[in-house]
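Peer 1: Please see the structure below; I have some questions.
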Amino acid sequence: FAQLIYLIPAVIIATGLRGAFIARKVIVLGDHYGQKTPTWNPIQYLDPMGSLAGIFFFFGWPRTADFDRRLFHNPLRDEVRLYLSASGFNLLFALLSLIAMLLLPHARGFLPDFALSNIEWVLQMMALVNLMVGIYSFLPLFPLPGYDLLFRFLSPYNRIKLDQKRSITMLVLMLLLFIGRPILVAPVESLFQVLVSMRLITLGVLSLLLAHWLFLIELRKTKKDKKS
């Protein structure tokens, strides 16, 4: 039960904030019509099943963004760019969580030990879930971005066949989460250990570079639109 409580903020950030980022990025790429006014409130972008999967399996997905990729300048390239930057967003929050976790020992004396222990668990779950979502979102299974990207590369005939098997691919995803979760978690935990072993300054530099790419490059047009 305690682990479920620790996972709730991790899932909200990993999936809800990812959905909020995608909503803004879609506007940057050219679809100014399909989106309502975007907000950074993650609750609006949570998917019920994706959130439950995040809580129970460390992996989830946001509500499917409603956008028209035909309005993108280069639909296929820009859709790949959209999902890559969304996974970069997850990686950024994983790094920020690790940085906060490594700084926690300096808070001893200011916060009681039980509070530090609980905060450490929350930060660890935030890093793990964000890494899971950022990496495995590219699995070619509905309703993940990898399914949409695979769909774009197929011929019209194969697209129809794949669309008819959408529910089957979702069933495969559920079975993978139920049965194969240890296989999915193992490489992510290894990456987690590698990141933890890095120096704090290295994690800080990586975070700054990611933040610069995501907010000053990937979302720069959004800021220009607001000014205009």
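Peer 1: Starting from residues that are open to solvent by 10 Å² or more (accessible area, probe 1.4 Å) and within 10 Å of SER51 (Cα to Cα), keep the ones in segment 3-22 and report whichever is farthest from the chain's Cα centre (by Cα).
Peer 2: Across segment 3-22, the extreme among qualifying residues is ILE8.
Peer 1: With respect to the numbered conditions (1) touching a residue at least 24 places away in the same chain (Cβ under 8 Å); (2) acidic (Asp, Glu); (3) open to solvent by 90 Å² or more (accessible area, probe 1.4 Å), which one is the sole condition not fulfilled by ASP113?
Peer 2: With (1) touching a residue at least 24 places away in the same chain (Cβ under 8 Å); (2) acidic (Asp, Glu); (3) open to solvent by 90 Å² or more (accessible area, probe 1.4 Å) applied to ASP113, the lone miss is (1).
Peer 1: Would you say ASP31 is closer than 25 Å to PHE138 by Cβ and surrounded by fewer than 19 Cβ atoms within 10 Å (Cβ to Cβ)? Don't jump to the end; show me each part of the working.
Peer 2: Numbers: closer than 25 Å to PHE138 by Cβ: yes; surrounded by fewer than 19 Cβ atoms within 10 Å (Cβ to Cβ): no.
Criteria not met by ASP31.
The values are calculated or read from the model by the stated rules, or taken from the named source; none is laboratory data. Treat the numbers as computed from the prediction; the structure is a model and nothing was measured. Don't worry about glycine lacking a Cβ; one is built from the backbone with ideal geometry, like all the others, and counts go over all protein chains shown. What goes into the accessible areas is simple: the full protein's heavy atoms, side chains included, and nothing from ligands, DNA or RNA. Shrake-Rupley method; radii C 1.70, N 1.55, O 1.52, S 1.80 Å.
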